[in-house]
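The values are calculated or read from the model by the stated rules, or taken from the named source; none is laboratory data. Being a predicted model, the structure only gives us computed values, none of them experimental. Neighbour counts run over all protein chains shown; Cβ positions are idealised from the backbone, glycine included. When the accessible area is computed, the model is the full protein with side chains, heavy atoms only, and any ligands, DNA or RNA have been set aside. Shrake-Rupley method; radii C 1.70, N 1.55, O 1.52, S 1.80 Å.
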Amino acid sequence: MSLLKVNDLKVHFPIRGGFFQRVVDHVRAADGVSFEIQPGETYGLVGESGCGKTTTGRAVIGLNKVTSGEILFEGKDLAKLRGKEKRLHTRDIQMIFQDPYSSLNVRKRVLDIVAEPLRNFERLSPDEEKKRVQALIERVGLNPESIYRYPHQFSGGQRQRIGIARALTLNPKLIVADEPVSALDVSVQAQVLNFMQDIQKEFNLSYLFISHDLGVIQHLCDRIGIMYRGRLVEEGLADEIYSNPKHLYTKRLISAIPEMDPALRLEKTHLRQAIDDEYRTGYDNYFDKDGRIFDLKKISDTHSVALP
Amino acid sequence: MGNTVLEIENLRTSFSIKGKYYAAVDDVSLKIHENEVLAIVGESGCGKSALALSIIGLHDARVTKLEGQVNFKGQNLLNLSRARLNKIRGKDMGMIFQDPMTALNPLSTIGSQITEPMKYHLKLSQADMKKRTLELLRRVGIKNENRVYSQYPHELSGGMRQRVVIAVALACDPILLIADEPTTALDVTIQAQIMDLMKELQAQMKSGIVLITHDLGVVAEMADRVAVMYAGQIVELAGVNEMFKNPLHPYTRSLLSSIPSNMPDKGRLHVIQGIVPSLQNLDREGCRFAPRIPWIPQEDHEKDPVLHEVEPGHFVRCTCYKNFHLQTEESGVEKHVFTKS
Amino acid sequence: MLTFILRRILVMIPQLLLLSVIIFLLAKAMPGDALTGAFQGNPEANAEHMEELREKLGFNDPWYEQYGRWVTNFVQGDMGMSYVHKQKVTSLLGNRLSNTVLLSLTTMITIYLIAIPLGIIAGRWNNSWADKAIVTYNYFSIATPVFIFALIMLFIFGFYFSWFPTGRSVDITIQNGTWDYFVSKANHLVLPTLSGAIIGTAGTIQYLRNDIIDTKLKDFVKTARAKGVPEGRVYTRHILRNSLLPIAAFMGYEITLLISGSVFIESIFSYPGLGQLFIQSIQTRDFTVVSALVMISGAAVIIGTMLSDIILSIVDPRIRID
């Protein structure tokens with residue numbers, strides 16, 4: 001059984017207008033998104049700003065109201081759970097945020113930041129709590145003595161690791177990571193990415209990794225879903241997507257990755273031009289007559305594309 | 001290589017922190033030629049942005065001290081009055097900023113923002129300025145230029161706005177463009193479009209471009225020459241092909257090994273030990289990168305590291321590159337990382 | 001735009017109705033009624049006669065009947081009779097309303113005349129000695145209660161130097177409509193206006209100063225400098241245009257605040273405006289007048305905020321109302 005199964009998820013936000021401010025239309029931020037994550041797997045959700053990847057991630061963790069569709073965690077629909085069962089499941093899904101500078105409360109000590117989820121769920125004596133937090137802080141590579149410090153006394157990479165420590169306190173099974181390294185310098189980013197891989201093995205975590213950075217996604221993810229205008233246009237193993245993109249939008253996205261070999265830059269420019277031309281001439285092959293993206297169709301066991 | 005457009009000599013930009021001055025750009029010398037893209041690459045805090053702002057005089061004069069020379073069109077820009085500098089900025093020297101969402105005045109139309117530098121630098125009639133502006137909009141790839149001319153920034157997408165920012169910089173045909181992270185704030189596909197546009201424009205113009213970036217991918221796609229900066233100094237300077245094929249300085253090599261796209265399989269990325277020292281805590285004696293590669297013996301470093309020309313046009317600071325090897329976090333085994341899949 | 005105004009007016013109706021219920025009930029809940037006030041200290045008043053009058057005036061009906069009567073009349077423009085002044089509330093308000101609006105307008109203009117240049121100086125040269133002096137003035141003006149400051153002004157310029165009149169809104173011996181009448185009116189305005197304005201600038205100065213300091217660091221200002229725009233123009237064309245926006249937008253609100261906040265100034269300078277009337281009416285339990293005044297200022301605040309929104313949508317292209 002998959003750990004997380006998202007089934008035809010729709011998140012629509014109303015647009016109001018007219019004299020009485022009635023709902024005149026909806027922004028279809030997520031419009032029929034389906035995917036699964038297996039235990040221990042890293043699933044990458046890629047796309048550009050406004051494609052709905054963050055909305056989808058927030059819906060999974062319960063921060064966005066779901067318009068329709070199901071989010072099944074270990075086979076149970078999160079929307080239908082109540083009371084104790086719901087609490088148990090909210091423990092199992094945690095989130096890491098993008099900006100290590102604004103996602104930590106500046107007025108709280110590291111101890112309080114990391115212990116906060118613990119305090120919501122468990123009754124621990126201050127001593128036990130301190131031990132748990134120190135162990136976690138040590139695990140993320142920071143000095144256990146530093147739990148009495150404040151976020152501003154840490155560098156960006158260290159702060160992001162505090163954010164990860166907070167997400168780990170309750171031993172979650174799934175971590176939704178929304179652009180966790182986008183605000184960091186490359187060398188610091190490397191540190192955080194390595195670390196995320198380490199704890200994944202250690203705690204048998206699954207990641208829903210949301211990012212616009214195709215390099216990071218390729219490095220980290222087992223499977224990838226490409227999102228565009230609120231829908232998935234392609235899904236498959238990382239290798240399949242990068243070496244054999246099928247959907248026009250995926251091709252466009254992949255060709256936009258800067259070429260790391262200066263000798264090949266001209267070819268890359270030509271490739272982009274060719275794809276742009278195809279975009280102009282072949283648009284109708286990839287989108288239906290209303291400009292909507294088709295439903296995903298399997299083209300191999302692992303690879304699906306949104307084609308008619 | 002064409003004529004020299006800009007020559008920076010021993011530039012030192014220092015910021016005042018609690019009454020003391022600390023150099024963020026520390027004795028940098030560079031030449032930029034016509035028809036050339038010189039990339040200045042480094043991580044945050046390395047001094048690359050301070051360098052860009054010093055060239056065009058946009059630093060905060062109340063807390064900044066500039067020493068050395070920035071020679072442009074036969075004069076040292078550091079000695080010019082603000083009024084004299086204003087005759088050059090926007091005319092012979094244009095600047096492209098990082099974030100197109102904030103680089104344009106929200107209350108002025110696109111047309112008036114592109115026309116503005118022409119009013120101060122060119123003697124043109126209203127009609128000619130409008131004509132020139134519309135032509136510029138077309139050149140930066142905006143198709144419905146007449147409409148965009150009278151629109152406001154918030155009515156345009158990020159990519160369109162960045163095109164407008166470029167048009168502003170090009171308004172008076174500058175011979176030098178300074179681009180400070182021109183694609184960093186953009187989406188991937190838009191970034192590719194803007195890079196291609198800049199390459200295309202550069203091929204048409206003869207101007208030199210100083211490209212400030214932290215993104216080695218952008219460097220690989222756009223630069224002719226690359227200067228790598230660490231802690232206020234240039235640690236390596238080379239042609240772009242040479243830099244990517246044969247990087248020498250420990251910092252350059254470490255940086256390249258920490259990029260995920262150089263490591264597409266799930267191997268571990270290289271992590272540089274320690275953190276970038278702050279301006280006040282920076283040890284300015286000896287090799288500045290030494291504290292971050294502690295496994296390299298002291299005697300490999302120079303006492304007073306200078307740039308050595310190891311190949312024609314390829315400069316490396318300090319001697320520590322000679323016996324340098326990368327070290328992974330746990331194993332300490334050297335790892336080869338420059339192969340691409 | 002028209003839809004916006006219409007919708008705002010529609011929303012205003014329930015707001016005003018709610019306000020009117022609250023005001024009516026509060027006025028009723030006050031100890032005493034108009035008769036207690038009117039017959040206070042009158043030796044001939046006897047309880048039986050007063051009770052008879054109360055019955056006749058409908059004071060003993062259930063509150064909702066009284067309220068219904070009051071609101072129906074109010075909507076028809078009849079705000080009732082002042083029991084103290086023995087005349088219609090509308091005619092009582094007429095002159096005073098124009099006096100108060102006049103005083104508020106001159107005060108507001110004076111505030112902007114002082115605050116905008118000072119705010120610009122403080123913001124442009126922040127941390128200079130001029131900025132420090134202006135900030136000190138701000139602290140002083142925030143800390144000084146208006147009634148004390150007004151009394152000091154009245155004492156120094158009204159009584160000690162006798163430069164300006166110390167009461168009323170005009171010299172009543174002068175023929176209305178003549179040039180002298182206009183001069184006298186202006187002369188009577190000077191002290192109350194200055195008293196209100198000099199210590200009313202803090203908000204505007206502080207806001208403008210901080211906004212300029214923020215805007216100075218914005219990227220588009222760097223863009224302007226990189227274009228070679230002369231420093232003076234950078235301020236006028238780029239920084240000030242952006243920083244003055246919120247001030248312009250706040251204008252609609254500010255004027256209504258002044259209209260409803262003129263109680264102290266008008267009382268101290270015996271200036272016959274709404275504020276002064278308000279105090280008198282409360283003292284004499286003249287609750288028809290009190291209710292009418294509160295309703296007017298309530299409506300003024302609601303209209304003021306609407307005005308602010310409209311001004312903002314005109315000056316800022318990013319804001320569109322429909």
For this session: All but one of (1) assigned to a strand (DSSP E or B); (2) open to solvent by 60 Å² or more (accessible area, probe 1.4 Å) hold for B:ASN71, so report the exception by its number.
Result: (2)
Problem set entry | Count of region B:154-206 residues which are among the β-branched types (Val, Ile, Thr), more than 14 Å from chain A (Cβ to nearest Cβ) and within 22 Å of A:PRO258 (Cβ to Cβ) | 3
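Rundown of residues vs (1) among the aliphatic types (A, V, I, L, M); (2) out of contact with any helix residue (DSSP H, G or I) (no Cβ under 9 Å at 6 or more places or on another chain); (3) within 11 Å of another protein chain (Cβ to nearest Cβ); (4) at negative phi, yes/no style:
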site	(1), (2), (3), (4)
B:MET93	yes, no, yes, yes
B:THR102	no, no, yes, yes
B:THR109	no, no, yes, yes
B:GLU116	no, no, yes, yes
B:ALA127	yes, yes, no, yes
B:LEU134	yes, no, no, yes
Seminar exercise, completed: Picked from region B:204-259 (must be among the basic types (Lys, Arg) and outside any helix (DSSP H, G or I)), the residue farthest from B:VAL28 (Cα to Cα) is B:LYS206
For this session: Considering every residue within region B:235-248, establish whether at least one is farther than 20 Å from B:CYS318 by Cβ, within 12 Å of another protein chain (Cβ to nearest Cβ) and in contact with a Ser or Thr (Cβ under 7 Å, 6 or more places away or on another chain).
Result: no
Exercise. What do you reckon, is C:GLY200 buried (at least 17 other Cβ atoms within 10 Å of the Cβ), in contact (Cβ under 8 Å) with a residue 40 or more places away in the chain and not aromatic (Phe, Trp, Tyr)?
Worked result: yes
For this session: Having 3 or more residues that are open to solvent by less than 50 Å² (accessible area, probe 1.4 Å) and either within 11 Å of chain B (Cβ to nearest Cβ) or among the basic types (Lys, Arg) (or both) is the bar; report the helices (runs of 4 or more DSSP H) wholly within region A:241-308 that clear it.
Result: A:248-255, A:265-281
Seminar exercise, completed: Counting only residues in region A:196-234 that are open to solvent by less than 10 Å² (accessible area, probe 1.4 Å) and aromatic (Phe, Trp, Tyr), the one nearest to the chain's Cα centre (by Cα) is identified as A:PHE209
Problem set entry | region A:45-61 - residue that is more than 12 Å from B:ASP187 (Cα to Cα) and small (Gly, Ala, Ser) and, of those, nearest to the other protein chains (Cβ to nearest Cβ) | A:GLY52
For this session: Please verify whether region C:59-67 includes one or more residues that are open to solvent by less than 50 Å² (accessible area, probe 1.4 Å), within 28 Å of C:ILE296 (Cβ to Cβ) and either among the basic types (Lys, Arg) or at pLDDT below 70 (or both).
Result: no
For this session: Please tell me if B:LEU122 is open to solvent by 20 Å² or more (accessible area, probe 1.4 Å) and within 13 Å of another protein chain (Cβ to nearest Cβ).
Result: yes
Problem set entry | Identity of the residue in region B:258-283, open to solvent by less than 20 Å² (accessible area, probe 1.4 Å) and under 21 Å from the mean Cα position of the chain (by Cα), that ends up farthest from the other protein chains (Cβ to nearest Cβ) | B:ILE259
Exercise. From the residues in region B:170-195 that are over 17 Å from the mean Cα position of the chain (by Cα) and charged (D, E, K, R), which one is most open to solvent (accessible area, probe 1.4 Å)?
Worked result: B:ASP173
For this session: For residues that are away from every other protein chain (no Cβ under 14 Å) and touching a residue at least 12 places away in the same chain (Cβ under 8 Å), scanning just region C:5-16, find the one that is nearest to C:MET306 (Cα to Cα).
Result: C:MET12
For this session: Report whether or not B:THR252 is more than 9 Å from chain A (Cβ to nearest Cβ), without any contact (Cβ under 8 Å) to a residue 40 or more places away in the chain and closer than 27 Å to B:VAL70 by Cβ.
Result: yes
For this session: Looking only at region A:75-97, decide whether some residue is farther than 16 Å from A:ILE210 by Cα, modelled with pLDDT of 85 or more and in contact with a strand residue (DSSP E or B) (Cβ under 7 Å, 6 or more places away or on another chain).
Result: yes
For this session: Tell me, please, whether a residue that is out of contact with any Lys or Arg (no Cβ under 7 Å at 6 or more places or on another chain), free of Cβ contacts under 8 Å to residues at least 60 places away in the same chain and in a loop (DSSP other than H, G, I, E, B) can be found in region A:83-95.
Result: no
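Quick grid of which residues meet (1) within 14 Å of chain B (Cβ to nearest Cβ); (2) buried (at least 18 other Cβ atoms within 10 Å of the Cβ):
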residue: C:LEU277; (1), (2): no, yes
residue: C:SER281; (1), (2): no, yes
residue: C:THR284; (1), (2): no, yes
residue: C:PHE287; (1), (2): no, yes
residue: C:SER291; (1), (2): no, yes
residue: C:ILE310; (1), (2): no, no
residue: C:ARG320; (1), (2): yes, no
Seminar exercise, completed: Flagged pairs (Cβ under 6 angstrom, 6 or more apart or on separate chains; first in region C:178-195, touching a residue at least 40 places away in the same chain (Cβ under 8 Å); second in a helix (DSSP H, G or I) and among the hydroxyl-bearing types (Ser, Thr, Tyr)) are C:LEU189/C:THR106; C:THR193/C:THR106; C:THR193/C:THR107; C:THR193/C:THR110
For this session: Go through C:GLY232, C:GLY158, C:GLY228 for me and flag whichever is of a type outside the set (Asp, Glu) and within 26 Å of the chain's Cα centre (by Cα).
Result: C:GLY158
For this session: Report yes if A:ARG107 is surrounded by 16 or more Cβ atoms within 10 Å (Cβ to Cβ) and either modelled with pLDDT of 85 or more or part of a helix (DSSP H, G or I) (or both), otherwise no.
Result: no
For this session: Pairs only if they're at least six apart or on different chains, beta carbon under 6 angstrom, first in region A:9-36 and within 12 Å of chain C (Cβ to nearest Cβ), second among the basic types (Lys, Arg) and crowded, with 19+ Cβ neighbours inside 10 Å; list them, first residue then second.
Result: none
For this session: Kindly indicate which of C:LEU189, C:LEU208, C:LEU194 is open to solvent by 40 Å² or more (accessible area, probe 1.4 Å) and either within 9 Å of chain B (Cβ to nearest Cβ) or of a type outside the set (Val, Ile, Thr) (or both).
Result: C:LEU194
Exercise. In region C:229-266, which residue that is within 12 Å of chain B (Cβ to nearest Cβ) and not in a helix (DSSP H, G or I) is surrounded by the fewest Cβ atoms within 10 Å (Cβ to Cβ)?
Worked result: C:PRO230
Exercise. Out of all the residues in region C:177-196, is one or more farther than 23 Å from C:LEU274 by Cα and either among the β-branched types (Val, Ile, Thr) or in a loop (DSSP other than H, G, I, E, B) (or both)?
Worked result: yes
For this session: Determine if region B:210-222 includes at least one residue that is more than 11 Å from chain A (Cβ to nearest Cβ) and either without any contact (Cβ under 8 Å) to a residue 60 or more places away in the chain or more than 19 Å from the chain's Cα centre (by Cα) (or both).
Result: no
